Structures are given as C-alpha cells and as structure tokens.
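The values are calculated or read from the model by the stated rules, or taken from the named source; none is laboratory data. Keep in mind that what you see is a predicted model, and the values were worked out from it rather than measured. All Cβ positions, even for glycine, are placed from backbone atoms using ideal geometry, and neighbour counts span all protein chains on display. Only protein heavy atoms, including side chains, enter the accessible area calculation; ligands, DNA and RNA are left aside. Shrake-Rupley method; radii C 1.70, N 1.55, O 1.52, S 1.80 Å.
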Amino acid sequence: MEEKMKVYGYVRVSSEQQKLKENSINNQKLHIEDYCQRYDYDLIEVFSDEGISGKIKNRVGLSDLFENLKKNNIDCLIVYSLSRFSRKLKDVLEFIERLEKNKIKFISLKENFDSSQIVGKMMLGILGSINEFEVNLLGDRIRDVKQYKKSKNQVYNGKILFGMYKRGKKLVKNIN
C-alpha cells in the first residue's frame, strides 16, 4: 500500500478585523482540508498567523511551520493563496527555495499551481511579482489619501498634527 503524502497547511489574515471575524481563516482552512481529502493527503497540521501583514517576514506561525518541517518528514505545503503566504516576491522565493532544499513541494490552491511543475515555477514568479506590486500600489494610495486629508484639515488615521485637535471629521487649530 502506498503511503499518503504528508502535508502542512498555512493560513494568514492581515487585519485585526479579519482575525476577529474568523471568516477568512476558517475559509482558508476549509479549502486546504477539502483539497487534502480529495487527493487523499494526510494533513498533519495547519499553521496560522492572524492579524499579521504578509509583508512581515518573521511571523510566529510561519516560523513554527519551518521549524517543524523536518520533524514530521513533510512532503508538501499547501496554502489557499500565494498572497496569504507572503506579499514580497523576495520572501516567497526564499521560502520556496527552503522548501525545495528539503524536497517539499508547494501548492497554492487559488492560483492552481504546484512548485514541482515547470509552469508552477513560472507562475510563482509572475504571481509573486503581482502580489508585491499590489501591496506597493495600495500603500501609495493610502499615503495619497492621508496627504489629501491633511491638506484639507480632515481627520485621517495617524497622528494628529501638533496644535490641532479633532472636532467631528475636521481638524481644528488649538488656539489656547
């Protein structure tokens, strides 16, 4: 009888709001569990990072995952989406290289690729670049909105300018 492929899963959400709702984490886990059941893989454990940006490289759940890879002789790591794994191409490529050195394949369900296949390796590079671009673009948009609101003396997330206070949605000079 052929031995089942031993698999780890990894899930992540960025915001505290997503963490509190638990919808996204549970949804990601459900997809990974369904995939493993469909292909008769042995899902050993699902590691998670909740409320942590994918731009951050050192995450507790991800670190635990990499520490445990050797212990359980894992064959494959499955994520729901590449963007849940990391938002920086450099980090994605480094993580995948670590997996490959240990002969562990990487599967992303949403993008439907497997790093052990030639097309999967190509897709990894393309989609990793797109993820990083998307994060950088979003950061630029947020900075632009904050600058606009500052220029109009409107309330924005962040530190209120010295000498100003908040009155509803407006920033007003403190004349005291």
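Remarks
- Estimated from the Cβ-Cβ distance and a Förster radius of 45 angstrom, the FRET efficiency linking GLU100 and LYS170 is about 0.25.
- Within the accessible area of the stretch 35-88 (1.4 Å probe), percent carbon and sulfur: 39
- Model label sites at GLU67 and GLN37, defined 7 Å from Cα along the beta-carbon direction, differ in position by 3.1 nm.
- For the stretch 30-81, the set of GluC sites (Glu not before Pro) satisfying both a DSSP loop assignment and a count of at most 11 other C-beta atoms within 10 Å is empty.
- Over 27 Å between alpha carbons, listed pairs LYS55/LYS101; LYS55/LYS169; LYS29/LYS103; LYS6/LYS110: LYS55/LYS169
- Multiplying the residue separation of ASN112 and SER53 by 0.36 nm and removing their Cα-Cα distance gives an extension gain of 19.0 nm.
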